[in-house]
Amino acid sequence: MAPGTARKNRLAAEKSPYLLQHAENPVDWWPWGPEAFAEARRRDVPLLVSVGYAACHWCHVMAHESFEDPVVAAVLNEAFVCVKVDREERPDVDHLCMAACQALTGRGGWPLNAFLTPGGKPFFAGTYFPRHSTQGMPGFTDVVRTISRLWAEDRERLLSTAEQLVRALSPSRGPESQNTPGTREVAQARALLSRSFDPVHGGFGLAPKFPSPHNLMFLLRLCTAGQDSNGELAGMVEKTLFAMRRGGIYDQLGGGIHRYSVDERWMVPHFEKMLYDQALTALACLDAYAWTKDSRHLEMAQEILHYVVRDLAQSHGGFATAEDADTEGGEGETYVWTPAQFREALPPDLAELAVRFFGVTDTGTFEKGKSVLSVPVPVEALAPRLGVATAELTEKISKIRELLLAARRKRPQPLLDDKIITGQNGLMMAALARGYAACGDPELLSAARKAAAFILDRLSAPDGGLLRRFRDGQAAIPGFLDDYAWFVWGLLELFQAAFAPEDLAAALRLTDLAQERFADPETGGLLSSGSDNEKLALSFSEIHDGATPSPVSVFAHNLLTLFAITGEARYEEKARALIRSAASEAGRNPVGCTHLLSALLALENPGPEVVITGAPEDEKTKDLLRAISGAIYPGLIRIRLSPGPGEEALVSLVPRLSSYAGLHHPPRAFVCRGRTCLPPVFTGKDLAAALAE
């Protein structure tokens, strides 16, 4: 080995950026796989399974404190087979370890460290451990030495714990409930969100605060179902979105949302930027725009989407998973500023305005006298105080943002986790397609189309299923339920934005395939891992929402959309069965199942269906399409038939549309609501009126 050359462990051959971050650790890491378990059986030792992701700040902290330390590594290497897992590649392993951690400690998060028997059953787990015991937290070296001693001296106790834990965590699955969640669960979820709402700063609960866009979408679904007569629910949504947009959780220069805020004011974030947060927050903004018609929500969505297209889109068409919280070992260093740095980057008059507008102080709002940018006073309120017109101030702030972003790009940039995750790309496709439908920006449609083509080309398995991860030319890992559910969501939004039959065909095929592969015969529901995924000690059906809506709930929404488009009753029947299979969990924790309850509301209060016929270049067709661009609220189903092969292909997929085929002169729109169809309308004005009824 050449002087200064770091020794690399087995992770050097992996593709995950997170695993590669640990390839030079003195810990003798193994990737998850049968070889690691065979080694544990050969050595007769347990496994340490350490789970995290590339953009995780506290994962980096624990790595620096423990996994890069030769002394700690020596203890680990002697007593365990050590396995590193990227939770975004292997959500099943993450779910197994997280369930154990939450059962044993009452909490979860990342880094996640679990100890497993050579048979793959967890018996102890925790999150971040400091190297040495401090402030009541056990030190990592103490933990691993204790477990090593117990394995040698009292192994039966650990094996018994593992068996008991697996039994306790195994879902008591039986036939699906005969009851479907109903008004009680919806009312409870609404009441709990109202009770936890922060009327001062927006959002729900105290610090830390997460965006939780699916909760906002649930409240807006209640609005469209006629359950917000006094405007309270829409007000909660708007308060939250406006507060996030002005807070430090939002990237005031480049657009995009950070992972969460450590305080209740949305001021100081954890700085990682996750692809799924961008997609879901944009979707919530677009729902809010459609319901309120306030253009500020559309502007926020557009800023987020353009950030993604600019900074996360890869040359092949897929979207990177995340940007790191840290820059060269310092959290948020790319994003924070001092007044002096403003004065270096801006002309004097703009520098002083920027200091005031973005709330940058000499003492700072973050660490080491630096400030996270926020907007304490919005432009329309600040302009009168400065004695200038709002339009003039807006123009100056736009110039300031442009100059500061250019200066920020010269700084070291956070690591880009450039692996492509199929499901997360599906969420992004959904947001981009919905954004295009709302504002007509062709760049958004092009980005969604490229991502769809990439997934279908490079992440399709030979048997027609989906693979989960692509990086560095390699596609791998059979797709999980979230990959199918979220990617189909993207395809359905893309179909309703651009009306290409091939998107609907792919959505139909993958939905039917997923129902076969992920079916849970005991409950009538769907499991997170399918017939071609590795079998672990536990199998799960993800019903509760987390940072993202649960795949079961998204799948239910997809089925209802397919029923509305195709008219095939089997999709509605399966959606009902899926919602019934989750009834018990929704009853126990309704506020943890808001996206499932949104599906229930969609089932009970279906939105209108609009079929537009006419040549796309015809101005009357464009007039009709413009009428629905501002009405993309939850439940509206949009279909367009145009003369030519596309119409023939669409009718072959959806025979019920044959009655509309050929009715292109003049272009017209057909609106159906509640299984009743209205007479056709021929102008955008009349279409908007029909939708407003």
>> I'd like the residue in the range 474-487 that is out of contact with any Phe, Trp or Tyr (no Cβ under 8 Å at 6 or more places or on another chain) and assigned to a helix (DSSP H, G or I) and, out of all such residues, is surrounded by the fewest Cβ atoms within 10 Å (Cβ to Cβ).
In response: ASP482
> Of all residues in the range 448-464, how many are surrounded by fewer than 20 Cβ atoms within 10 Å (Cβ to Cβ) and assigned to a loop (DSSP other than H, G, I, E, B)?
Replying inline: 4
> Could you list, in sequence order, the residues of the range 436-447 that are in a helix (DSSP H, G or I) and not aromatic (Phe, Trp, Tyr)?
Replying inline: ALA437, ALA438, CYS439, PRO442, GLU443, LEU444, LEU445, SER446, ALA447
>> All but one of (1) buried (at least 17 other Cβ atoms within 10 Å of the Cβ); (2) closer than 30 Å to LEU538 by Cβ; (3) without any contact (Cβ under 8 Å) to a residue 12 or more places away in the chain hold for PHE218; state the number of the condition that does not hold.
In response: (3)
> Somewhere in the range 224-236, is a residue more than 21 Å from LEU193 (Cα to Cα), touching a Ser or Thr at 6+ places or on another chain (Cβ under 7 Å) and open to solvent by less than 20 Å² (accessible area, probe 1.4 Å)?
Replying inline: no
> Among the residues of the range 388-398, which ones are open to solvent by 70 Å² or more (accessible area, probe 1.4 Å) and farther than 17 Å from GLU299 by Cβ?
Replying inline: GLU392, LYS396
> Within the group ALA514, ALA564, which residue is open to solvent by less than 10 Å² (accessible area, probe 1.4 Å) and outside any loop (DSSP other than H, G, I, E, B)?
Replying inline: ALA514
>> Quick test of your reading of the structure: ARG245 fulfils all but one of (1) open to solvent by 10 Å² or more (accessible area, probe 1.4 Å); (2) out of contact with any helix residue (DSSP H, G or I) (no Cβ under 9 Å at 6 or more places or on another chain). Name the failing condition by number.
In response: (2)
> Residue check, PRO138 against (1) under 28 Å from the mean Cα position of the chain (by Cα); (2) open to solvent by 60 Å² or more (accessible area, probe 1.4 Å); (3) under 30 Å from PHE271 (Cα atoms); (4) at pLDDT below 95, all met but one. Which one?
Replying inline: (1)
> What single numbered condition from (1) outside any helix (DSSP H, G or I); (2) under 19 Å from LEU405 (Cβ atoms) fails to hold for GLY369?
Replying inline: (2)
>> Condition first: polar (S, T, N, Q), touching a residue at least 12 places away in the same chain (Cβ under 8 Å) and not in a helix (DSSP H, G or I). Can you find one or more residues in the range 290-308 that meet it?
In response: no
> Which of the residues spanning the range 170-204 are farther than 17 Å from GLU232 by Cα and modelled with pLDDT of 90 or more?
Replying inline: ARG184, GLU185
> For the range 574-605, which residues satisfy the criterion of being in a loop (DSSP other than H, G, I, E, B) and surrounded by fewer than 20 Cβ atoms within 10 Å (Cβ to Cβ)?
Replying inline: ASN589, ASN605
>> Looking at the range 141-170 only, could you name the residues that are of a type in the set (D, E, K, R) and either surrounded by 17 or more Cβ atoms within 10 Å (Cβ to Cβ) or assigned to a helix (DSSP H, G or I) (or both)?
In response: ASP142, ARG145, ARG149, GLU153, ARG155, GLU156, ARG157, GLU163, ARG167
>> Can you go through GLY364, GLY359 and tell me which one is outside any helix (DSSP H, G or I), at positive phi and either open to solvent by 40 Å² or more (accessible area, probe 1.4 Å) or without any contact (Cβ under 8 Å) to a residue 24 or more places away in the chain (or both)?
In response: GLY359
> Would you call ARG246 within 22 Å of PHE366 (Cα to Cα), modelled with pLDDT of 95 or more, out of contact with any strand residue (DSSP E or B) (no Cβ under 9 Å at 6 or more places or on another chain) and among the charged types (D, E, K, R)?
Replying inline: yes
> Taking only pairs six or more apart or across chains, which ones have beta-carbon atoms under 9 Å, a first residue in the range 18-42 that is under 22 Å from GLU272 (Cβ atoms), and a second residue that is among the hydroxyl-bearing types (Ser, Thr, Tyr) and open to solvent by less than 40 Å² (accessible area, probe 1.4 Å)?
Replying inline: TYR18/TYR53; HIS22/SER50
> Restricting attention to the range 399-410, which residues are under 30 Å from the mean Cα position of the chain (by Cα) and either over 15 Å from ALA345 (Cβ atoms) or surrounded by 14 or more Cβ atoms within 10 Å (Cβ to Cβ) (or both)?
Replying inline: ARG401, LEU404, LEU405, ALA407, ARG408
> Is at least one residue of the range 79-91 surrounded by fewer than 19 Cβ atoms within 10 Å (Cβ to Cβ) and at pLDDT 95 or above?
Replying inline: no
>> Scan the range 539-549 and tell me whether some residue there is open to solvent by less than 10 Å² (accessible area, probe 1.4 Å) and either farther than 30 Å from ALA99 by Cα or touching a residue at least 12 places away in the same chain (Cβ under 8 Å) (or both).
In response: yes
> Which one of these is surrounded by 18 or more Cβ atoms within 10 Å (Cβ to Cβ), closer than 13 Å to SER50 by Cβ and not hydrophobic (A, V, I, L, M, F, W, C): GLY120, GLY126?
Replying inline: GLY126
> Which condition breaks for ILE628 when tested against (1) touching a strand residue (DSSP E or B) at 6+ places or on another chain (Cβ under 8 Å); (2) at pLDDT 90 or above?
Replying inline: (2)
> Could you count how many residues in the range 517-528 are open to solvent by less than 40 Å² (accessible area, probe 1.4 Å) and in a loop (DSSP other than H, G, I, E, B)?
Replying inline: 7
> Can you list the helices (runs of 4 or more DSSP H) found entirely within the range 619-693 that contain at least 3 residues being crowded, with 20+ Cβ neighbours inside 10 Å?
Replying inline: 619-629
>> Being farther than 22 Å from GLY329 by Cβ, in a loop (DSSP other than H, G, I, E, B) and open to solvent by less than 10 Å² (accessible area, probe 1.4 Å) is the filter here; which residues of the range 257-278 pass it?
In response: TRP266
> Can you name the condition, by its number, that LEU206 falls short on among (1) among the aliphatic types (A, V, I, L, M); (2) over 20 Å from GLY592 (Cβ atoms); (3) not in a helix (DSSP H, G or I)?
Replying inline: (2)
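The values are calculated or read from the model by the stated rules, or taken from the named source; none is laboratory data. In this text, all values refer to a predicted model and were calculated from it rather than measured experimentally. Heads up, the Cβs are rebuilt from the backbone with ideal geometry, glycines too, and the neighbour counts pull from every protein chain shown. The accessibility values were calculated without ligands, DNA or RNA, using every heavy atom of the protein model including side chains. Shrake-Rupley method; radii C 1.70, N 1.55, O 1.52, S 1.80 Å.
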